[in-house]
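See below for the structure under consideration.
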Amino acid sequence: MTRARSIVVPIVLLVIAAALAGTVVQFTIMFNGPPPGFGPVPIGRIAQVLRSGTLPDDAARRITLNRVSGDVFGRPDEQPSSARDAAIAERIGVPVERVRGFYLFPARDPTEDLRGSFTIALAQENGWLVAASPELPTFTSWHVRRLSIMLATVSLLSLFAWAVARRISRPIRHLADAATRARVGARSVIPMEGPREIRELAESLEAMQERILQQAEGRAAMLAAITHDLGTPLSRIAFWIEQLPDAARDRANGDIAEMREMLGAALRFTREDGSSVTHVRLDLGSLIESLVDDLAAAGRPVECAMGPRVVMRGDPAALRRMFVNLVENAVRYGDHAALAWSIVDGMAQVTVDDEGPGFSGDPEMLFAPFVRGEASRNRATGGTGLGLAIVKHIVEAHSGTVRLENRAGGGGRVRVRLPVE
């Protein structure tokens with residue numbers, strides 16, 4: 001078995017690749033020349049254009065020539081320079097008063113070539129003749145090419161980062177799914193894949209699952225053995241109480257029956273919690289209708305509202321046992337049970353309503369074993385406290401959810417959601 005690579009390796013490689021790609025792009029831009037602009041323009045060239053009043057073809061790209069009547073010109077970022085004006089007037093052969101110029105960059109030597117933008121005007125009889133540098137567009141082909149290169153680099157790095165992230169997150173997601181499926185009595189296969197750190201985590205989860213299952217199986221076996229062994233002394237007690245007077249014998253028999261029922265519930269909970277569910281294709285609506293018919297025939301106050309056809313995979317016996325527990329709770333605490341089912345958001349939703357006082361406090365606590373909704377320990381008003389614990393286990397074994405709610409008009413509601421095909 002080859003040793004898995006550390007999760008640090010792909011992350012470091014991704015950072016190095018991003019740094020190298022960014023450096024290559026920067027060097028490509030740097031060695032491919034500066035941003036577009038106009039080179040220096042000799043002042044003699046400006047003087048020639050203003051003196052002739054015409055713009056030669058070879059100067060049209062670097063100089064614009066216009067006639068204006070007003071004396072307002074120049075750009076906001078350009079500044080006047082009398083020394084420059086004097087040098088240009090001398091080249092033209094006119095008095096300096098007829099030249100007015102504005103320049104972006106001042107120069108120590110006024111006879112140097114003009115760099116950057118400029119606006120230079122020569123006074124004439126009917127206005128001003130203005131020679132200026134052309135306006136640069138905001139985006140040139142140079143900018144477009146550089147932006148394209150940078151966007152392509154970012155896109156490639158994003159795809160590479162996405163692939164690395166998927167490679168790292170996939171085993172984590174599989175591990176999370178396996179941990180979600182894990183429950184007592186149903187071993188979940190822990191995937192041993194991915195980088196070294198994730199495999200070490202998977203091995204730890206596998207060992208933890210094994211310890212938990214062994215402890216749960218040992219406790220379940222102990223509880224089953226105790227429940228079974230208590231049956232013998234109860235049978236002997238039942239034999240001896242036959243010699244008691246009628247009134248005392250009836251009360252004692254009732255207590256023994258209650259004890260047998262509690263032991264039976266504990267034994268069923270132990271077996272339910274430790275058995276795996278066999279899934280077959282079934283019609284949930286037909287199962288509920290059959291259950292309601294059987295309970296109604298036995299005299300239980302239960303009814304159901306017809307719903308759509310719902311096909312799912314599950315254990316019919318376990319699902320039937322779950323709904324029987326819900327109906328018995330509804331009848332015990334609410335005097336009546338009403339079932340209905342529908343399909344909501346791609347899930348089968350079954351509701352069991354009663355006419356009782358509803359649920360007080362934190363309803364989720366009622367799913368814990370041996371917790372009863374009725375505070376007293378009177379068997380006439382409450383059960384063993386295992387019914388809802390069995391319900392929750394069966395629902396989770398079918399990858400579903402169960403909630404306890406209080407209805408707006410009064411009464412309680414149990415909402416069960418199960419996946420459908």
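The values are calculated or read from the model by the stated rules, or taken from the named source; none is laboratory data. Everything quoted here is computed from the prediction, not taken from an experiment. Positions of Cβ are generated from backbone atoms using ideal geometry, with glycine treated the same way; all protein chains shown enter the neighbour counts. Just so you know, the surface numbers come from the protein's heavy atoms only, side chains and all, with ligands and any DNA or RNA stripped out. Shrake-Rupley method; radii C 1.70, N 1.55, O 1.52, S 1.80 Å.
Write down the Kirkwood hydrodynamic radius of the stretch 52-200, to one decimal in angstroms, obtained as one divided by the mean of 1/r over all alpha carbon pairs.
Kirkwood radius, the stretch 52-200: 21.6 Å.
Please determine, in degrees from 0 to 90 and to the nearest 10, the orientation of helix 284-297 with respect to the longest principal axis defined by the Cα atoms of the chain, where the helix direction is its Cα long axis.
30 degrees
If each DSSP helix of 4+ residues adds -39,500 (n - 2.57) and the sum is divided by the residues in the chain, what number results at 222 nm, nearest 500 deg cm²/dmol? Please report the intermediate quantities before stating the final value.
Values: 10 runs with 202 residues, N = 421.
Dividing the helical sum by the residues of the chain leaves -16500 deg cm²/dmol.
Normalised by the residues of the stretch 133-259, what does the relative contact order come to in percent, with Cα pairs under 8 Å and at least six apart? Please list the in-between numbers first.
Details: 48 pairs, mean separation 17.7, N = 127.
After rounding, I find 14 percent.
Please report, as a whole percent, how much of the solvent-accessible surface of the stretch 300-364 comes from carbon and sulfur atoms (probe radius 1.4 Å). Mind showing how you got there, number by number?
On the way: 1500 of 3030 Å².
Whole-percent figure for carbon plus sulfur exposure: 50.
Can you give the angle from 0 to 90° between the axis of helix 196-229 and the longest principal axis of the chain, with both taken from C-alpha atoms, to the nearest 10?
Orientation of helix 196-229: about 20 degrees from the principal axis.
Take the solvent-accessible surface of the protein heavy atoms, probe 1.4 Å, and return the percent of it on the stretch 103-257 that carbon and sulfur atoms account for.
Here it works out to 62 percent.
Compute the semi-axes of the equivalent ellipsoid of the stretch 94-161, taking the square root of 5 times each eigenvalue of the Cα gyration tensor, and list them largest first in whole Å.
Semi-axes, largest first: 46, 14, 6 Å.
Could you provide, to the nearest whole Å², the per residue accessible area of the stretch 74-230 with probe 1.4 Å?
Ligands and nucleic acids excluded, the result is 63 Å² per residue.
Can you tell me, using C-alpha contacts under 8 Å and at least 6 residues apart, the relative contact order of the chain as a whole percent? Provide the component values of the computation, followed by the final result.
Details: 569 pairs, mean separation 43.8, N = 421.
Averaging sequence separation for qualifying contacts and normalising by length gives 10 percent for the chain.
If you average 1/r across every pair of different Cα atoms in the stretch 114-239 and take the reciprocal, what Kirkwood value do you get, in Å?
23.0 Å
From the alpha carbon gyration tensor of the stretch 201-253, can you work out the equivalent ellipsoid semi-axes (sqrt of 5 times each eigenvalue) and give them in Å, largest to smallest?
46, 9, 4
Using the per-residue mean of other Cβ atoms lying within 10 Å as a proxy for protection, in what order, highest first, do the peptides 18-29, 334-345 fall?
My ranking of the peptides, most packed first, is 334-345, 18-29.
In degrees, nearest 10, range 0 to 90: what is the angle between the Cα axis of helix 141-181 and the longest Cα principal axis of the chain?
On a 0 to 90 degree scale, this one is about 10.
When 1/r is averaged over all different Cα pairs and the result inverted, which Kirkwood radius in Å belongs to the chain?
With all distinct Cα pairs of the chain included, I get 30.9 Å.
Starting from a Cα-only point model with no solvent, please compute log10 I(q)/I(0) by Debye for the stretch 69-130 at q = 0.12, 0.24, 0.25, 0.28 1/Å.
The calculated log intensity ratios at q = 0.12, 0.24, 0.25, 0.28 Å⁻¹ are -0.26, -1.02, -1.09, -1.28.
If contacts are Cα pairs under 8 angstrom and at least 6 residues apart, what is the relative contact order of the stretch 34-108 in percent?
31 percent
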